[in-house]
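Have a look at the structure below before the remarks.
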Amino acid sequence: MTDRPAQVFALLSGTATPTRNTRQLDTAVVLGGSIAGLLAARVLADHASTVLIVERDEPDTGERRGVPQGLQGHALLPGGRRQIERWFPGFTEQLTSLGAVLAGSEASASYSDGVRAVGTRNTVLLSSSRPFLEAHLRRRTLELPNVRSVTGQVTGLDFGADAVTGVRYLAGEHEHHQPAELVVDAMGRASRLSDWLEHAGWQRPPMRRIITNVNYATGYFRREPGRPAIACAISRYTPRSSSPRISVAAVNAIEHDQWMILLVFGEATGGARLGEIRTYHQADTRRRDFHLARLPARLVSVGDAVASFNPVYGQGISSAALHASCLAAYLESNPALGAPARKFFELQRVIVDAAWAISAAADAARRPESQPLSARERVFRWLGAEVVTAASTDRVTAERFEAVATMLAHPATLAKPHIALRALAVNRLARGRRRRPAPAPTSVATSAAVPR
């Protein structure tokens, strides 16, 4: 892994508000009005006279067919929150004023294989239910004067000789044809775009899958009004643990004085349960490699339609937010829109690779019998495990690891020699202490034996 992806990631995850406001497009159409589609629409609003969102589900209905994981546990990572703030200034303050909880290290607890990890400055989570977050994001998006939304089922695309020219959708009993100068696929992991491309004579983007077969159960419980001392807690089990079939248990304080509990946290369940326990099954982690396919012009894809990760890692919303950043960078480069959007897909590949390196690698480690690895991959996995282990006790390593895990930095930053050497030294000291009884040890984070 080279430094270049890390540099590109750093540019894409920046927070500068674009100053350019050229109208390159007449009409842009976004297929899907979930978080990825809404953020894409916000970016397009700076570049198109009209932005139309076509969404299958009625808005603000809570549980939606298009987001089957919507009522499972969610917390917005710093990487995603930073991008949402970029496009909608004041969004965090607005949500917390309405009941969402912003939990820093003092109000968060994280455990790995039963060991509590040290807190870091970048451990700041915005805790709310997904429908709550999405409803406010939709409202802010539709407040833009050139963005509108229709409820309809997308049935296909119109193709010219070398470009997408429009969208077909059903609204009620009537089919509509909407001409478009740019189409954004945000239809989620069940997107039918690959079928439409293949049927029209273009290439289906290759898909990669890692079988996960994970099951989730989330319940909502009443909590005492006010801000709890610990607002977000999570317990993860790594493939090295004695419980390899257990992935995570989490509890989050959210809006309307509720606990949102993934699996079971006994202390929080003293309150009355609010509604039924919600379940969700995900068969696999998947990605579609659009950068490898022959595609028509005036077409891009974002969000879960490109890559859908194990929700345990909380990367979905943050990935979608960074895909919006890719779209902004692409449009600000004054691209030749009559040619395929290769530059966009290459930028997006950096984001997808970064998230894949964290979540998919961990998923694959749980199923080693079906995932043959190269020597390089085995070394990278071993080094990653060393960094994760050191991050549970060493604050310096933890901050660097959390920056990657929360999508503020690229995984390549963890492979730098001084970080790897520090992690190895931290773990060596820890193993030495376990082998011999000793007085209370000096803090690992300040020990002279640990390289910085």
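Does at least one position in the range 238-251 carry a residue that is under 25 Å from GLN94 (Cβ atoms) and modelled with pLDDT of 85 or more? So far as the range 238-251 goes, yes, one or more of its residues are under 25 Å from GLN94 (Cβ atoms) and modelled with pLDDT of 85 or more.
Provide a single number: the residues in the range 323-346 that are over 25 Å from ALA283 (Cβ atoms), open to solvent by less than 30 Å² (accessible area, probe 1.4 Å) and not in a loop (DSSP other than H, G, I, E, B). Outline the logic, then answer.
Keep residues of the range 323-346 that are over 25 Å from ALA283 (Cβ atoms), which gives 324-346.
Right, trim to open to solvent by less than 30 Å² (accessible area, probe 1.4 Å) and you get 324-328, 330-331, 335, 337, 341, 344-345.
From what is left, the residues that are not in a loop (DSSP other than H, G, I, E, B) are 324-328, 330-331, 344-345.
Final tally of qualifying residues: 9.
Number of residues in the range 214-226 that are within 28 Å of the chain's Cα centre (by Cα) and either without any contact (Cβ under 8 Å) to a residue 12 or more places away in the chain or open to solvent by 80 Å² or more (accessible area, probe 1.4 Å) (or both): the value is 2. Inside the range 74-111, residues that are open to solvent by less than 30 Å² (accessible area, probe 1.4 Å), closer than 30 Å to HIS281 by Cβ and either among the hydroxyl-bearing types (Ser, Thr, Tyr) or not in a strand (DSSP E or B) (or both) make up a count of 10. Among the residues of this structure, GLN315 does not count as one that is touching a His at 6+ places or on another chain (Cβ under 7 Å) and surrounded by 24 or more Cβ atoms within 10 Å (Cβ to Cβ).
Residues that are surrounded by 13 or more Cβ atoms within 10 Å (Cβ to Cβ) and among the basic types (Lys, Arg) within the range 197-211 comprise ARG204, ARG208, listed in sequence order. Counting the residues of the range 77-135 that are at pLDDT 95 or above, polar (S, T, N, Q) and more than 16 Å from the chain's Cα centre (by Cα) gives 4.
The values are calculated or read from the model by the stated rules, or taken from the named source; none is laboratory data. Predicted model, so just to flag it, every value in this text is computed and none were measured. Here the Cβ is made from the backbone with ideal geometry for all residues, glycine too, and neighbour counts use every protein chain on show. The accessibility values were calculated without ligands, DNA or RNA, using every heavy atom of the protein model including side chains. Shrake-Rupley method; radii C 1.70, N 1.55, O 1.52, S 1.80 Å.
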